[in-house]
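J.: Sending over a structure as structure tokens; questions will come in a sec.
The values are calculated or read from the model by the stated rules, or taken from the named source; none is laboratory data. Being a predicted model, the structure only gives us computed values, none of them experimental. Don't worry about glycine lacking a Cβ; one is built from the backbone with ideal geometry, like all the others, and counts go over all protein chains shown.
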Amino acid sequence: MALIKLVRTFAVMFPVVVVAFSARGADTVKLGLIEPFSGPIAAVGRDTLEIFEFFANEVNQRGGVLGGRHIEIVPLDNAMNAEKTTQQLRKVIDDDIRFVSQGVGSNHALNIIKFLQRHNRRNPDQAILYLNHSAVTTSFTNELCSFWHFRFDANVDMKVAALVTQLGRDSSVQKLYMLNQNYAYGQAFQAAAQQMLAERAPGIELVGDELIVPFGKVLDFTPYIAKIKAAGADTVLTGNWGPDLVRFVKAASEANLDASFYTIYAGIPSSVAGIGAKDGIATRLKQVTEMHENDPLYDQQPAELLDTYDRWRQQTGKSIYSERMRWTIEFFAAALDKAGSDDPALVAAAMEGMTMDGPAGPLVMRGEDHQIIFPMVISTMAEDLERPYIYEGDNYEVAFATDGWIMSDAIELPTSCEMKRP
Amino acid sequence: MESFIFAMFNGVLYGMLLFLLASGLTLIFSMMGVLNFAHASFFMLGAYFAYQISEGLNFWAALIVAPVIVGMVGAGIERWGLRPVHRYGHVAELLFTFGVAYVIEELVQMIWGRVPVPYEIPDAMSGALFTWQGFDYSIYRVFMLVVSVAIFVALFALLTYTRIGLIIRAAVSDPIHVATLGHDIPRIFMWTFGFGCALAGVAGVVGGNVLGTEPAMAIQLGPIVFVVIVIGGLGSLGGALVAALIIGIVTRLAIFYDYGVGSLVLALGLEIDTAGMLRDFTRITTAQVAPVLPYLMLVLMLIFKPRGLFGTRDV
């Protein structure tokens with residue numbers, strides 16, 4: 001198994017190099033993908049690239065865009081260093097790439113938004129459009145909103161709105177404990193949750209509200225678990241991700257804490273792998289996503305989409321996790337065709353207000369702030385499901401089962417965006 | 001009072017885990033003078049080997065075999081890597097171990113992938129041993145404590161009372177005389193380094209399933225291990241133990257007694273401005289800064305007592 005992974009590591013690495021240096025045909029529409037392809041979280045960047053290339057290829061196989069042109073994904077490594085993201089944007093300009101995508105890390109997204117705001121104002125003939133597939137800082141579609149930025153993921157406030165709505169429905173939730181990472185994202189999660197709990201679930205008592213030093217600095221979560229237990233909480237709400245989530249959940253399980261865990265990111269591959277079936281099920285671990293493979297609506301999707309999913313699983317040995325990345329490609333392709341041009345300004349105009357069918361309701365790219373709106377689903381980790389979670393060929397034996405859908409009207413939040421259009 | 005004792009007990013549990021992590025590092029430093037930057041990487045190797053072995057056999061086999069393999073790897077690195085570098089002095093050694101840390105991290109990612117591996121606490125020990133203040137202590141927590149104490153006692157006895165310990169200590173202070181007596185100094189150093197790495201391996205086996213086994217674990221654990229040995233005094237085994245316990249207890253107390261800066265200022269009878277420039281500062285609580293306290297202690301220690309609590313060497 002280890003050897004297979006070694007081979008696979010190389011197999012994944014080589015296309016990055018090969019594609020990066022392949023001949024740049026004039027007939028392709030290039031989409032630069034700026035993500036970490038090296039360094040400690042390169043796995044996330046490579047997963048993203050694999051999804052983008054797969055679904056861009058799907059569009060190309062269907063006949064491409066703009067009457068036969070292909071979408072070409074150009075990977076650009078930022079090594080999770082915000083300065084390198086800026087360097088890669090300069091390369092994007094030099095190589096005359098007019099569309100970029102990024103999503104891992106809101107600080108990188110902020111860099112791109114600010115950089116392009118300035119660049120596009122000064123160089124309207126060489127404007128670049130940014131498709132944000134996963135960076136969730138709410139202000140990107142509020143006070144920092146930009147005509148050149150489109151977001152295909154729900155922002156933090158929307159995800160919290162979905163989680164809190166579900167908390168309000170769950171009659172077993174009486175006493176809630178919040179624990180978040182003490183930096184921009186965790187604080188935004190905390191503030192949104194405080195406000196929405198008061199509005200949407202006033203019956204729930206908030207018995208603890210804690211911020212921790214983020215990014216793996218906390219090695220041992222047992223004192224926090226002891227505080228949660230002492231506070232008598234029956235439910236935990238956390239925006240934690242990475243080791244801060246994995247260690248938190250494992251410590252809770254080890255101490256037999258009898259509480260449900262409401263999270264955003266429990267379902268990403270590294271979380272599922274790190275937490276494992278036993279601890280995830282013991283803590284009734286929940287996630288909020290745009291879709292998951294074991295939802296009853298899965299089989300009701302169009303037959304060709306289900307075929308595509310099957311091919312994805314066979315080809316990559318991975319479960320479907322990020323629908324939002326597929327949506328990014330699909331919206332991009334549709335907007336190119338609708339605009340009838342690869343001029344970023346026209347493509348951006350075409351994308352405003354665009355809708356597509358989602359699994360539980362329409363996906364709407366709201367024109368006023370470029371924030372996508374769609375129904376979200378809360379699900380809990382469980383065993384014995386039809387499609388257990390697979391990643392790089394390993395079967396984790398668990399997956400998620402639906403608790404309930406939160407429709408768009410409960411997720412759509414007002415925006416303070418005052419968009420300046422060119 | 002009972003919650004104070006509760007916090008103290010948790011602090012001791014956590015402190016002993018830190019000691020376990022730092023024991024091999026302080027051994028290598030005190031016996032060889034080598035500041036091994038790759039120490040946390042050997043810890044990571046221990047965790048990954050333990051995962052692989054416990055997949056095939058079981059946890060107990062991993063507890064024996066994984067540290068031995070890590071020790072052999074460490075000895076090999078000393079023999080063919082560190083020894084040739086030794087003559088260029090401590091800075092070269094330090095840079096060498098720095099490089100080794102990166103190489104190990106990349107190798108681990110190539111072999112086991114970049115996502116965490118599911119290395120779990122053995123089922124037999126995941127049950128609760130006792131419950132205190134409504135908090136279940138698993139058998140495994142106590143097992144970790146026992147392993148840490150056993151390692152300290154064994155190390156202390158080995159260095160103080162055995163012939164091997166005597167030779168090792170003599171080889172440090174007076175290598176020429178020891179060599180004249182017919183002892184092979186490079187060989188002693190090789191096995192000391194290997195043994196220190198094996199201790200990191202033990203910590204990896206025991207701690208990897210609690211902390212999570214992933215490629216970034218070495219980078220995350222590296223700094224705190226250095227804090228332990230610097231506060232304790234470079235090269236002092238007892239110092240590392242005391243420092244680890246102090247860090248464990250202080251951070252636990254800070255989390256349990258969650259005082260805010262604002263409330264402390266009010267308690268001193270001073271007026272406080274909660275809306276002005278110091279707004280964010282007054283909202284800080286001790287629980288939020290708990291993981292940073294060890295580094296504050298490190299800075300203060302270097303200013304006021306650069307040799308650490310029980311150190312005999314300068315940093």
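J.: Tell me the residue from B:I164, B:I168 that is away from chain A (no Cβ under 12 Å), free of Cβ contacts under 8 Å to residues at least 40 places away in the same chain and more than 23 Å from A:I228 (Cβ to Cβ), please. Quick ask: steps written out before the conclusion?
T.: On the way: B:I168 fails: free of Cβ contacts under 8 Å to residues at least 40 places away in the same chain.
Every option except B:I164 fails the conditions.
J.: State which residue pairs qualify: first residue within 7 Å of chain B (Cβ to nearest Cβ) and free of Cβ contacts under 8 Å to residues at least 24 places away in the same chain and inside region A:210-228, second residue of a type in the set (V, I, T) and in a helix (DSSP H, G or I) in any location, beta carbons under 7 Å apart, and separation of 6 or more residues or different chains.
T.: Qualifying pairs under 7 Å: A:P223/B:I255.
J.: Under the condition of being within 14 Å of another protein chain (Cβ to nearest Cβ) and out of contact with any Gly (no Cβ under 7 Å at 6 or more places or on another chain), which residue from region A:195-209 is surrounded by the most Cβ atoms within 10 Å (Cβ to Cβ)? So that I can check it myself, show each step before the final result.
T.: Taking region A:195-209 and keeping what is within 14 Å of another protein chain (Cβ to nearest Cβ), we get A:207-209.
With the extra rule that they be out of contact with any Gly (no Cβ under 7 Å at 6 or more places or on another chain), the set shrinks to A:208-209.
On the way: A:G208: 18, A:D209: 15.
Checked region A:195-209; the qualifying residue surrounded by the most Cβ atoms within 10 Å (Cβ to Cβ) is A:G208.
So that you can scan it fast, the table gives a plain yes or no per residue for (1) closer than 18 Å to A:D337 by Cα; (2) surrounded by 21 or more Cβ atoms within 10 Å (Cβ to Cβ); (3) at pLDDT 95 or above:
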position: A:L31; (1), (2), (3): yes, yes, yes
position: A:E35; (1), (2), (3): no, yes, yes
position: A:A42; (1), (2), (3): no, yes, no
position: A:A56; (1), (2), (3): yes, yes, yes
position: A:P75; (1), (2), (3): no, yes, yes
position: A:T85; (1), (2), (3): no, yes, yes
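J.: Looking at the structure I just gave you, is A:A266 at pLDDT 90 or above and under 15 Å from A:Y396 (Cβ atoms)?
T.: Working: at pLDDT 90 or above: yes; under 15 Å from A:Y396 (Cβ atoms): yes.
For A:A266, the condition - at pLDDT 90 or above and under 15 Å from A:Y396 (Cβ atoms) - is met.
J.: Select from region A:268-291 the residues that are away from every other protein chain (no Cβ under 13 Å) and not basic (K, R) and list them in ascending order.
T.: Step one: list which residues in region A:268-291 are away from every other protein chain (no Cβ under 13 Å), which gives A:283-291.
Those that are away from every other protein chain (no Cβ under 13 Å) and not basic (K, R): A:T283, A:L285, A:Q287, A:V288, A:T289, A:E290, A:M291.
J.: Could you tell me whether any residue of region A:268-284 is basic (K, R), within 28 Å of A:A410 (Cβ to Cβ) and in contact with a Phe, Trp or Tyr (Cβ under 8 Å, 6 or more places away or on another chain)? Full working, then the answer.
T.: Residues of region A:268-284 basic (K, R): A:278, A:284.
Checking which are within 28 Å of A:A410 (Cβ to Cβ) leaves us with A:284.
Cutting the leftovers down to in contact with a Phe, Trp or Tyr (Cβ under 8 Å, 6 or more places away or on another chain) gives us A:284.
Checked against the condition, which is being basic (K, R), within 28 Å of A:A410 (Cβ to Cβ) and in contact with a Phe, Trp or Tyr (Cβ under 8 Å, 6 or more places away or on another chain), region A:268-284 yields at least one hit.
J.: Report, by residue number, each residue of region B:32-60 that is over 17 Å from B:F143 (Cα atoms) and either away from chain A (no Cβ under 14 Å) or outside any helix (DSSP H, G or I) (or both).
T.: B:M32, B:G33, B:V34, B:L35, B:N36, B:F37, B:A38, B:H39, B:F42, B:G46, B:L57
J.: Given (1) closer than 13 Å to A:L33 by Cα; (2) without any contact (Cβ under 8 Å) to a residue 12 or more places away in the chain, where does A:R90 come up short, assuming only one miss?
T.: The one condition A:R90 does not meet is (1).
J.: Within region A:226-248, how many residues are within 15 Å of A:R284 (Cβ to Cβ) and in a helix (DSSP H, G or I)? Break it down stepwise before answering.
T.: Pass one, region A:226-248, residues within 15 Å of A:R284 (Cβ to Cβ): A:228, A:233-238, A:245, A:248.
Then keep just the ones that are in a helix (DSSP H, G or I); that gives A:228, A:245, A:248.
The qualifying residues number 3.
J.: Continuing with this model, one more query. Could you please find all residues in region B:182-232 being away from chain A (no Cβ under 12 Å), of a type in the set (D, E) and surrounded by 21 or more Cβ atoms within 10 Å (Cβ to Cβ)?
T.: Hits for region B:182-232: nothing passes.
J.: Scan region A:177-188 residue by residue and report those that are at pLDDT below 95 and either crowded, with 23+ Cβ neighbours inside 10 Å or not polar (S, T, N, Q) (or both).
T.: A:Q181, A:Y183, A:A184, A:Y185, A:G186, A:A188
J.: Filter region A:237-263 down to residues that are within 21 Å of the chain's Cα centre (by Cα) and within 8 Å of chain B (Cβ to nearest Cβ) and give me whichever is modelled with the lowest pLDDT.
T.: If we take residues in region A:237-263 being within 21 Å of the chain's Cα centre (by Cα) and within 8 Å of chain B (Cβ to nearest Cβ), then A:P243 is modelled with the lowest pLDDT.
J.: While we're here: Any residue in region A:375-383 that is outside any strand (DSSP E or B) and over 21 Å from the mean Cα position of the chain (by Cα)?
T.: no
J.: With the requirement that a residue be at the interface with chain A (Cβ under 10 Å from one of its Cβ atoms) and either farther than 21 Å from A:A231 by Cβ or at pLDDT 80 or above (or both), what does region B:243-283 give you? Explain how you work it out, then say what you get.
T.: Residues of region B:243-283 that are at the interface with chain A (Cβ under 10 Å from one of its Cβ atoms), as a first pass: B:248, B:251-256, B:258, B:283.
Of everything in region B:243-283, those that are at the interface with chain A (Cβ under 10 Å from one of its Cβ atoms) and either farther than 21 Å from A:A231 by Cβ or at pLDDT 80 or above (or both) turn out to be B:G248, B:T251, B:R252, B:L253, B:A254, B:I255, B:F256.
J.: Restricting to region B:133-154, name every residue that is farther than 20 Å from A:Y224 by Cβ, touching a Ser or Thr at 6+ places or on another chain (Cβ under 9 Å) and not β-branched (V, I, T).
T.: Selection gives B:S148, B:F152.
J.: Right, next: In this structure, does A:Q166 turn out to be surrounded by 20 or more Cβ atoms within 10 Å (Cβ to Cβ) and more than 13 Å from chain B (Cβ to nearest Cβ)?
T.: Answer is yes for this residue.
J.: Can you tell me which condition B:V70 does not meet? The list is (1) in a helix (DSSP H, G or I); (2) within 14 Å of another protein chain (Cβ to nearest Cβ); (3) in contact (Cβ under 8 Å) with a residue 40 or more places away in the chain; (4) of a type outside the set (K, R), and all the others hold.
T.: Every condition holds for B:V70 apart from (2).
J.: Let me ask another. In region B:287-303, what residues are touching a residue at least 60 places away in the same chain (Cβ under 8 Å), under 14 Å from B:I249 (Cα atoms) and within 14 Å of chain A (Cβ to nearest Cβ)?
T.: B:P294, the sole residue that qualifies.
J.: Only one of these is over 11 Å from the mean Cα position of the chain (by Cα), within 14 Å of chain A (Cβ to nearest Cβ) and part of a helix (DSSP H, G or I): B:F29, B:F4, B:F19. Name it.
T.: Answer to the check: B:F4.
J.: Looking at the structure I just gave you, is B:V142 within 14 Å of another protein chain (Cβ to nearest Cβ), surrounded by fewer than 16 Cβ atoms within 10 Å (Cβ to Cβ) and not in a loop (DSSP other than H, G, I, E, B)?
T.: For B:V142, the condition - within 14 Å of another protein chain (Cβ to nearest Cβ), surrounded by fewer than 16 Cβ atoms within 10 Å (Cβ to Cβ) and not in a loop (DSSP other than H, G, I, E, B) - is met.
J.: Could you list, in sequence order, the residues of region A:386-422 that are part of a loop (DSSP other than H, G, I, E, B), within 14 Å of another protein chain (Cβ to nearest Cβ) and surrounded by fewer than 18 Cβ atoms within 10 Å (Cβ to Cβ)?
T.: Those that are part of a loop (DSSP other than H, G, I, E, B), within 14 Å of another protein chain (Cβ to nearest Cβ) and surrounded by fewer than 18 Cβ atoms within 10 Å (Cβ to Cβ): A:P388, A:G393, A:E397.
J.: How do the strands (runs of 3 or more DSSP E) wholly within region A:111-223 filter down when requiring 2 or more residues that are more than 22 Å from A:G45 (Cβ to Cβ): which remain?
T.: Because the criterion is at least 2 residues that are more than 22 Å from A:G45 (Cβ to Cβ), the strands (runs of 3 or more DSSP E) in region A:111-223 that meet it are A:175-181, A:205-212.
J.: May I pose another question? Please enumerate the residues belonging to region B:111-129 that are more than 30 Å from B:I139 (Cα to Cα) and either surrounded by fewer than 18 Cβ atoms within 10 Å (Cβ to Cβ) or hydroxyl-bearing (S, T, Y) (or both).
T.: Passing the criteria: only B:I111.
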